[in-house]
Every structure is written in structure tokens, then in C-alpha cells.
Amino acid sequence: MDEKNIPIRTYQVCNVLEPNQNNWLRTDWIHRSGAQRVYVEVKFTLRDCNSLPGVTGTCKETFNLYYHESNEDRESYIKESSFIKVDTVAADESFTQVDVGDRIMKLNTEVRDVKVTTRKGFYLAFQDVGACIALVSVRVFYKTCPLTIRNLATFPDTVTGADTSSLVEVRGSCVNQSEEKEEPKMYCGADGEWLVPIGGCLCSPGYEDKGGVCKACSVGFYKAKSSDTGCSKCPPHSHSLRDGATVCDCHSGYFHADSDPPSMACTQPPSAPQQLISVVNETSVVLEWAPPRRLGGRSDTSYSLECLICQAGSHNRGLCLPCSSDVLFSPSQTGLKTTRVVVSELRAHTHYTFIVHAHNGVSRASGAGATQSVSVTVTTNQAAPSPVSFIQATDVTRHSLSLSWQQPDRPNGVILEYEVKFYEKDQKERSYRIMRTFSRSVDVTGLNPLTVYVFHARARTAAGYGEFSGPFEFSTNSGSLTITSTNIYITHAAVTQLMFVTLLCFPPSPLPPLLSHLSSTAGVKIYVDPFTYEDPDQAIHEFAKEIDVSSIHIERVIGMGEFGEVCSGRLRVQGKREIYVAIKSLKAGYSDKQRRDFLSEASIMGQFDHPNIIRLEGVVTRCKPLMIVTEYMENGSLDAFLRKHDGQFTVIQLVGMLRGIASGMKYLSDMSYVHRDLAARNILVNSNLVCKVSDFGLSRVLEDDPEAAYTTRIPIRWTAPEAITYRKFTTASDVWSYGIVMWEVVSYGERPYWDMNNQDVIKAIEEGYRLPAPMDCPVVLHQLMLDCWERERAERPTFSQILNMLDKLIRNPGTLRRTGSGVGSEVCVSVIPEVCMPEWSVCQWLQSIGLERYRDTLAAAGYTSLDSLLTLTHQ
Ligand code: ACK
């Protein structure tokens, strides 16, 4: 019977009188259902040992609770030792026999918990060790945190963790019609309580939070964004006709611009602009108007202009054409915020219709053609033609030239005539001549030779003359022409970059006019002597680019030139890669003549463009010191370079250098330029062993001053006898010098004629002495030198022949094997074995080695067959 006297079933044991009791009671298998910690609530009654008569030490007042985890739900026999003890359970209340009269028994309730994580389920067991006990009920349970909604996120029923202190992290999911604001999270505590809510959700557009549920906005309300605010009433001139509106629809005739916020009232396009007035000034029109009467509830009104050319008096748009694209609108044609615009560059005597449209943010939304507009029709006045913008000259002779020009951009009518005004530049406009013509060209005759003239042209229509063009200057000097209307200004000079000089920059000045220059005969460019220019600045600016000094970065002094230091550095011209350059400067305190001589080198160099001629990058003439900037040649002068590398090159490498020099010299001679100072010291070598001819400064010195004073400056050892004796400097005298350079190269920079003095050298040459072959010099090369040193200059080879010869030697390196120390009789066979074939004639052989001019000499001496050549000795 329980406390209420209702009969109940119990498991009982009461073997208190017998010692060593060990009685077990085991439950069925219990599925753990995902639980990690289970709770066991046991209800039982227990008899007080003292109340049992005759009971000795064998009576107990506790029992033990055990568990055993298992995947097996039907284990028939489980060993005692397999069970793990949970606890020894004692009764809070026990009862005695005396009590029986009052209360049948005292029921105890004890709860124990145990972690069950390793198997699918478990068994519980109760061990009695000699108590008088009745087990009334066993309840086994686990705890969960129950399903809940927090911050519009649902959290599911969640089993608590395995340990009493563990928290289970749970991610919530947003309730219907809501969107995650921040990941919703909570923790499930061991006792089944939810803890620490984080993040949450917001009701979607068109829905609002009503007690943890998102409800649709009702009719007349809207909600545009997911937010924690409620639904709002529709703004003016709009409505919503169904639940859950995210925006309100505009009433008919009202519009919403894409950029308008949903809370903004619906608006309308503006009405037409008002009071459009126009003022015509020749070929431009000023248009002004007042803003529209109705702005449609907005403040973003703008205007656009339509320009049409219409037939006189026509208001029919079909008879109108859009204006040409060169009409100018100031400040603009569309997107105007002002109510005034100036339209210019219109045609004279033309009917124009201007339509001013008013727009605002909803003009487009309200549909095409909905803009309201106002129009005006005007007729432009007559106007003179715009100026002629460009004149060019051709067919220049000493006394005449032909001018031609383009029609003015805006003739503003039929051009009836052109007028050309011109005068000698020196005369300014004190006296000038006028020529009139119907065409766009005119031949101007009766001019003075070598004179710079200034030309202006203008056009005439029925409206009168247009403005004269700007000045165009041409010279009557023979040759082609150049127009100089450019003004170049120097900005700022980077003074600090120079290591050894102070810069002084001049204010900007227009460049002087140019004289006619490079003439061209049958496509061949001819060198122009800069000293034919009266003003050396004219020449320099014609042939050399002016470099902004701030783009030069000087790094170190590399030598001393005739006029001052030579430095190396870097040049960075905008838009180009930075390059290494050599910079020659003109030392301070120079005379006019020195300045002229210094710059003449650049004027000369600037005319050349060849891989074996040193390239001029430009000049600095507007700042002091004056500078000449050329490409940088890493290995410096050829003579010093060869001395430094004595014996280190192959013959082919040496011939390669000579070939480069010959190629550069051929280019110069083709341009009719005579170098006069060709020597290894004036050849520069770059890092690829490419040799380039440089130093173009000497020619003038000699020509300007033919007196004896400069005789000493003639490089005697390199100069042909006729140039020493009577200054006959020609390409042939350059060929003589080239022979000396060959000798310098093959002897690795030896001084020609060693330490003989100049007088002895002159005398020796006069007597027929020639430099002998340097050590290991191929016979063919020495022969070529000897050819260059022919007394009769007509007998010397040309640079073109020298180049051919060297090319052949390079192609047939075998020809270079034979040196002066060999046996004479083998010359032919060993020098050019490839060409000594039986079918070849002596003539062809001579041709192949560039010595065909000896054909007659050989024939006269009886050498008519190749076989006979075998007997030819070195002598
Ligand atoms: O033998 P170098 O080093 O080569 O010494 C002289 C010195 O300046 C005086 O003329 C050197 N030099 C001249 N022009 C150049 C250049 N473009 N590149 C490299 N070095 C140059 C010359």
C-alpha cells in the first residue's frame, strides 16, 4: 500500500539476518535517444535496522546504483564487474515497526545523473548488500532546452550537453517573412535553460514584427526595406491596394524617379519654359527664358536645346534639318541648369529654330515626348569668313615660291576672293605687297634671294573680308621650306642636378625663323653646312631638339673636350624610356665664336641618322652652360679602348669594327660630308663593340681660318698629303685617314709613325714611305691600307668599295688567315682559296676582293690566268 493506502507493486528484499548479502536487480536495456547525460530518479522505502529485533551487524541501510553502457538490447547475462557504480544511495527517511501504526511507510526519492555517451543505450542495476528495502519506482530521463523563438529566429528543441557545465551552441533560423540581420545564435545550458541570445532576424520588406511573427503591411501602408520598424503610410500622391506592399504606386499622372527614395511623394514633369527670347549677333544667338510655371513638386529642373535649320517661315518640323555638329552651345546644349545659353558658329543668313525643353527627374519615367518645350525661330546675319588657318609653300626658287592654303573653317558664304599680304621679314610691315586670287593658291614672284618673307592670307565673301591669318614665314633660299609658327617655352630648370655648373635660364623667346636647309637631289639627303646660316641659333634649332635641362641628370665627368667637360648621365624625355647620354658642355666665359663652333657640332650631328654615327639626342641652349647631349658609348674612344685590350680580339672582331667605321663613313660621304679628322680617337665604342664616328667639330675651324695658324691643328699623321699641302679635303682624303684608322685598329692603338715628328712624317710620305703591316695583320688588310694611301686620290678606293671588301672578308674568314709573315708564293692560294677556282678569271678574282682596278696592271705584267697568279709574290 502506498501512503494513500493504494496497493502498489514493489521489488523487495529484507535478508537482514543473514550475512554477506549480494542481491542484484537489473533494468531492461534503455535506448539513450541522443541523450548524453541521463537522470535516474529512484523511489524506495527502507526499514531502520534498529527497529528490527535480533538484528546484528549484518543489517544495512543503503543500496548501490550501477550502470552499464551497451549497444546490445538483449544482453542475457552481464557480469557484475561490467557495471560501473553510480552511487551508494541512502534513505533520507527510514521507518520502524513502531511507525507502522501511524504511517505505512516512508517513501524516499533520490535522483542521480550519469554521463552516457559511448553506446546506443545502457542498463541500470541495483545492488542490495543486506538492507530491508522496497524499490517502488525508477524514472529515467534526460533534459532539453525547449523549442523557442528569440529575435525573430526559431531555435529547435535541443538535448543538453554531456557535462553539467557544458553549453551547446545552437543556430537559429529566421521565422517566415524575415531575413537574417546577423547570424542568430543561443546556447543550451545543462539544466535545459537557453542562454546568451546573439544576432537575429528582421521582417522582410512589406512585413512588420508583431510579437515575434512577421505580419504583412496592410492596405495603404508599405515597408520598403527589411528593418525593425513598422509599416509606413503611403507618401502623397501614391497608394497600395494589397497587403504586404514594399512600395506604393503613384496615382495616375504622377511619377517616381529611379533615384527617388520610396518615402518621397510622387511628382510630375515640369510645364514648358516660359518667355523665351532671342538676341541675334551676326552668326551667334543668345537665348534666355524663364523657368516653367509648374515644377511638378521637384527641384531638379534642367533644360536642353534643340537646334534646327528650317526653311524660311516654316513651322513644319518636316522641313527642318538638325544643325551641324560644329555649332557651339555655351555653357552646353543639354543638362543646362541655367536659363541662358549662347549659340555660336552658326551659318550666316540662315533660319534657325531653337526649341528649349524643360526636364526633371521624372521626365523620362513619364514617357517619351512628354517634355514641355518652347521654341523660337531666328535668322542669323551676314558675317565675314573665319581666318585662313594654314599656309604652305612649295616650289621655292631664289626669286619665287608657290603658296597654297585651305578654305577657312567657316566661310559664312560664297568666297569671292583671297588676298595674300607679304613683306620681307626685316622690313616688318613698313612696306608690303598684296596679291588677290580666286583660287586657294598663288605663285609669288619677284622675291629677293635668301630672304625671309612673312605671308598672311584672308578670304572675302559678300559680307566682306575675314581676318588675316597669322604670319607664315618662308625663305627664298634654295630648297624646301619649313614653317615656324611654334613658340617653345622653358619652364623650370632643375639647377641642383648639375654637379659643376650653375644654371641660368632665359625667359621664353620665340624661335627664330628658319632658313631653307637640307636640299635633296634625287632622294639623296645632302649635308648642309651650318655656317651658311647667318644666325647659328637658326641652324641649331633646325637640326637639333632643344632639351629641357630638368630632364637631364648628370652623373659624372668622363673627360675633357675641346670646349669643356664631357659628362655622362641620364636623359628622361617624357613618354620615352630613360637613356644613358654623354653631355658635352661649353665652359663659362666663351666668346661668340666659341659658342658658334661649339653648337656647330650639334647642327652637323643632328643631320645624321646612321647606326655608325654618334646620335645627337638634343641640345640645351636656353640655359647655361650650353650642352650637347649624345648617346652614351660605354667603351669611350676607340684608340684608348684598343690600347686597354691589346691583343684581345680576333681578326674578325677587328674587321667588324673597321666595317662599322667604313659604313658610317660611306653614309657621311653619300651626304657629301667630309669629316677631316677621322682617327681612332674620334671613334666611340659602345658596350656591343659597335663603333660610331664622332667629333664633327673640326671642319669649320679649318675653313674659317685658312691661315697657317691652324696648320698645326691639322692632324698630320691622319691627313692625306693633298689636304696638308693645299687643303684639298675631300672624301678621298677621308679615305686616307680611314687607312690610318685601319692601321691603328690592327695595331691595337699604336701611334701612327710612332715617335717620328710631323715634318719627318710629311717628308716620308712624300718620298713614298707607307706604314708597314702591323704585327699579325692579314695581308689583305694591309693591302687595303696601302690602297687608301695612294698618292693619287682618284686611285684610292671609295668607302663603298671598302665596305664591300670588308663584307667579303667577313663572309670568307679564310681570306684573313694569311699574314705578312707567311711565304710570299702562297699568297693567292692561302689568302683566298675559295675564289681561286679554275673557271674563275683573274678579273673576277680581283673583283671579288675589291681590287679590280689592278686588272690592267696585272694583265700588263703577264698575269692573265689564275695559274699564273700562283707565281705572284708579295713584292
Ligand atoms: O676616351 P674617352 O672615355 O671617350 O674620353 C673622351 C672624353 O669623353 C672627351 O671626349 C668621352 N666621350 C665623348 N663622347 C662620348 C660619348 N658619347 N659616350 C661616351 N664617352 C664619350 C671620350
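Quick notes on this one:
- Over region 274-353, volume per residue of the alpha carbon convex hull, in Å³: 105 Å³
- With every protein chain in place, the chain: carbon and sulfur % of accessible area (1.4 Å): 50 percent
- Set of aspartates and glutamates near residue 106 by C-alpha distance (under 13 Å), chain-local residues within fewer than 8 positions excluded: 2, 3, 48, 92, 93
- When you filter the chymotrypsin sites (Phe, Trp or Tyr not before Pro) in region 723-828 for DSSP loop state and at most 12 other Cβ atoms inside 10 Å of their Cβ, you are left with 754.
- Near residue 731, once Lys and Arg are set to +1 and Asp and Glu to -1 for all other residues with Cβ below 12 Å from its Cβ, the sum equals +3.
- If you look at the Cα atoms of region 402-473, you get an Rg and a Dmax of 12.6, 39 Å.
- Using alpha carbons only: equivalent-ellipsoid semi-axes of region 360-447, gyration tensor based, whole Å: 50, 15, 13
- Surrounding net charge for residue 37, when Lys and Arg each add one and Asp and Glu each subtract one, Cβ distance under 9 Å: 0
- Rounded to the nearest 10 degrees, the angle from helix 799-811 to the longest Cα principal axis of the chain is 50 degrees.
- Size descriptor, Kirkwood hydrodynamic radius, that averages inverse alpha-carbon separations across region 207-339, Å: 18.9 Å
- Over 21 Å apart at the Cα level, from the set 181/215; 85/120; 79/120; 545/728, are 545/728.
- Rg and Dmax over the alpha-carbon atoms of the chain stand at 56.3, 170 Å.
- Relative contact order computed over region 350-392 (Cα-Cα under 8 Å; 6+ residues apart), in percent: 48 percent
- Distance histogram for region 710-773 (every C-alpha pair counted, 5 angstrom bins, percent rounded to whole numbers): 4, 17, 29, 28, 17, 4, 0
- Candidate residues 415, 683: accessible-area rank, largest first, probe 1.4 Å: 415, 683
- Calculated accessible area for the chain comes out at 51 Å² per residue, all protein chains present (probe 1.4 Å; ligands, DNA, RNA ignored).
- Kirkwood Rh and Cα Rg combined as Rg over Rh, evaluated for region 266-308: 1.09
- Within a straight-line Cα-Cα reach of under 17 Å, residue 808 can be paired with the following lysines, leaving aside sequence neighbours fewer than 8 residues apart in one chain: 666.
- Helix-only mean residue ellipticity at 222 nm for the chain, each DSSP H run of n ≥ 4 adding -39500 (n - 2.57), per residue, nearest 500: -4500 deg cm²/dmol
- Dimensionless Rg/Rh of region 162-285 - Kirkwood Rh, Rg from C-alpha atoms: 1.39
- Reducing region 131-160 and region 382-398 to their Cα centroids gives an inter-centroid distance of 105 Å.
The values are calculated or read from the model by the stated rules, or taken from the named source; none is laboratory data. Model, not experiment: these values are computed from the prediction. As a convention, Cβ positions derive from the backbone with ideal geometry for all residues, glycine included, and neighbour counts pool all protein chains shown. The protein model used for the area step is the full one, side chains on, heavy atoms only, and it has no ligands, DNA or RNA in it. Shrake-Rupley method; radii C 1.70, N 1.55, O 1.52, S 1.80 Å.
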